[in-house]
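The block underneath contains the structure these notes are about, expressed in structure tokens.
The values are calculated or read from the model by the stated rules, or taken from the named source; none is laboratory data. Everything numeric in this text was worked out from a predicted model, so none of it was measured. Every residue, glycine among them, receives a Cβ derived from its backbone with ideal geometry; neighbour counts consider all protein chains shown. For the accessible areas, the whole protein counts, side chains as well, though only heavy atoms, and no ligand, DNA or RNA atoms are used. Shrake-Rupley method; radii C 1.70, N 1.55, O 1.52, S 1.80 Å.
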Amino acid sequence: MSKSSPPGSLAHFAQLFLRLDQSQGVRERQQALLGFLNQDGLADKDAAWALWLLAGERLKRTVAPALFRKAMEEATGLQPWLVEECYQSVGDLAETSALLAACPQTESDFAAKGLADLIECDLLALRGLQAQEVCNWMMAAWAQLTAPQVFCLNKILTGGLRLGLSRQGLVQALADHLKIAKALVAQRMLIFLSQPPDAKAYQALVSPDDSCGAQAFMNGPAPFFLAQSLSMQGEPLEQAAQCEQRLGPIENWAAEWKWDGIRAQLVVDAAGQLQVWSRGEELVTEQFPEFGQMFAGPQALPALPLRLDGEILAWDGLKQRPFAFADLQRRLGRRKPSKAIQNAHPVVFMAYDLLGQAGRDWRAEPFSARRAALVALLESLGEGDSDSYSDRDARPESPAAFRPMRASPIVAAENWAELALLQAQARDQPAEGLMLKRWDAAYGQGRTKESLQGELWKWKLAPLTIDAVLVYAQRGHGRRAGLYTDYGFALWDDRQDPAVLVPFAKAYSGLTDAEIKKVDQVIRKTIEDKFGPVRQVRPSLVMELGFEAVMASSRHKSGIAVRFPRILRLRPDKTIEQADRLSSLRAMLS
């Protein structure tokens, strides 16, 4: 490393990037990160940007993939088809350009730029430039950087910094270094990532003083408590016996429906200002203005500041039950939905838990106490409790009386057998299954499992399944580069005579490495046509797909889309003629 490159420069960050990429274990990666942060002379603003990037955050698209390819073509003089073939072989756009660029062996003044100055003065400014100006800047940058530095710069531009150090691993490293509770560091990390990274935000993150923990908790997003998957086999009564054996008496557990919406936190400050945070730690307040109206009246003031955990659902006021997720999608992505959109696609916040109220952190209290306080809070706000909600309660709700928040109902059962029968009917709600919560458990962090039986489980329904024919394939990326791993599937459209195969879904997960190699060999022998990176193959393979729901879709030629498709298994026992019909999928829709 050149002595001319100061701590926090692109050169130093590229060195850290390379070391993290080559390290074998989590502890080694954590030590590398702490070594970078502990450098003498490291500016807080550079450290802030380094942590922000390593935590998985990414710049909003600064350089489109098409511009990357154009810059590579101009920098190397290669034909577009050859650049594309190189990319398909390598499987990573940033690495491809680093391999193709003619990089110097020595470092330049450009590599000595501080990370903060590079991003704030150079990279963010690219958004305002014309396409050719962006290409010229990239080619000039590549010409001044070594190959590892080009690779690191490109990863920053493409948002691809995945280095085997998870968010939790990063938090653990900081907690060990600062000698303060991991939960507090996780809380600070969420606050740090919710704002632009700068020196002040970094100082608040790494401060050794933990006295402001409660105040920080009430002011920013909190880590979500995530459920473990409860895998049960067999018929409902068989699953009930497994629950009894694994989880103990049913009296220790509360059951709620596993709603199919968007997990979120409502955070309201003492002045009644609302923030809505998604589980992906995105601020989505403006997308759901109806929630802010709940805290505008004077009756809300005694309860503030406030934090609730719950689910955003599209809501059928006539039947007093959720719409399917497809209805909620019509609200997503609209920055400021009009009144007409709000009325046409109303949403509710189904509250799961009370995390904080009036300056008090409730997370360490047992769920039984948090639940009672949540119900009391909603009653004080005029929202009431939803324990009485059922399918039979189909009273229409007038727009004036529409309640945008309610408590997620407790699903009552005398024993595991009764609960298992209810779980089997979850799609009638509609829901994905049940959530099981220990009455005596605190609100954890991530997928914590403090007791032998666990504290929070998701007991999901078995997926819907269908046998489909492989008709399209595309090469994967990263470690799957060079193999065909992304597949398009079709069903027989029996509305036509003779029936024809109609594409309806894409899937890329579910097969083992050995199965992927086997499928890849078949694909290479049966390619019939090319559409850019996509290959059309002669129908020969049948696979069983699993999915959570079926939805009508005008964007698909089949008229149907499926939610969360994945491959369950290969079906070598079936010919393509024995694959399922589109009518079978339509039957699931109705």
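Annotation: amide H of W253 within the under-5 Å range of W439, sequence separation 5 or more or interchain, hydrogens built in the peptide plane. Computed packing ranks the peptides 412-418, 26-32 as 26-32, 412-418, most packed first, by mean other Cβ atoms within 10 Å. Our coupling estimate for region 523-537, obtained by passing each phi through the Karplus curve with A = 6.51, B = -1.76, C = 1.60 and θ = phi - 60°, is 4, 4, 7, 10, 5, 10, 7, 10, 9, x, x, 8, 10, 8, 10 Hz, Gly and Pro reported as x. For the chain, averaging the sequence separation of C-alpha pairs within contact (under 8 Å, six or more residues apart) and dividing by the residue count gives a relative contact order of 12 percent. For region 64-216, the Cβ-based charge dipole about the Cα centre amounts to some 540 debye (Lys, Arg positive; Asp, Glu negative; other atoms uncharged).
Between region 567-590 and region 93-152, the alpha-carbon centres lie 49 Å apart. Peptides 567-573, 245-251, ordered by how many other C-beta atoms sit within 10 Å of their residues on average, highest first, read 567-573, 245-251. Each Cα pair under 8 Å and six or more residues apart adds its sequence gap; the mean of these over the residue count of region 92-209 is a relative contact order of 28 percent.
Look at [x] 72, 72, 50; [y] 131, 60, 49; [z] 89, 56, 47: the one that is Cα extents along the principal axes in Å derived from this structure is [x]. Across region 38-138, Cα-Cα pairs more than 17 Å apart make up 63 percent of the total. On the chain, 52 percent of the accessible area sits on carbon and sulfur atoms, based on a 1.4 Å probe.
Residues whose amide H comes within less than 5 Å of that of F224, counting only those at least five positions distant or on another chain, are G446 (H built at 1.01 Å from N in the peptide plane). Database remark: amide H of L501 closer than 5 angstrom to the amide H of D493 (H placed geometrically; neighbours at sequence offset of 5 or more, or on other chains; Pro and chain starts carry no H).
Selection among P539, G476, H556 by position relative to the dipole of region 417-563 gives G476 as farthest towards the positive end (Cβ unit charges, Cα centre). Converting phi to 3J(HN,Hα) with the Karplus coefficients 6.51, -1.76 and 1.60 and the offset θ = phi - 60°, region 320-335 yields 6, 7, x, 6, 5, 4, 4, 6, 5, 4, 6, 9, 6, x, 8, 4 Hz in sequence order, with x at every glycine or proline. 3J(HN,Hα) couplings calculated from phi for region 582-587 with the Karplus curve 6.51 cos²θ - 1.76 cosθ + 1.60 (θ = phi - 60°) are, in sequence order, 4, 5, 5, 5, 5, 5 Hz; Gly and Pro show x. Per residue, the accessible area of the chain comes to 46 Å² when a 1.4 Å probe rolls over the protein heavy atoms. Each peptide in 38-44, 277-283, 527-533 receives the mean, over its residues, of other Cβ atoms within 10 Å, and ordering these scores from highest gives 277-283, 38-44, 527-533.
Only the Cβ atoms of Lys and Arg (+1) and of Asp and Glu (-1) were treated as charged; on that basis the dipole of the chain about its Cα centre amounts to roughly 840 debye. For region 219-269, report the translational diffusion coefficient in µm²/s to the nearest whole number, using Stokes-Einstein at 25 °C, 0.890 mPa s, and a Kirkwood Rh over Cα pairs. For the chosen part, D equals 172 µm²/s.
Among the trypsin sites (Lys or Arg not before Pro) within region 439-486, those in coil by DSSP and having at most 16 neighbouring Cβ atoms inside 10 Å are R447, K449.
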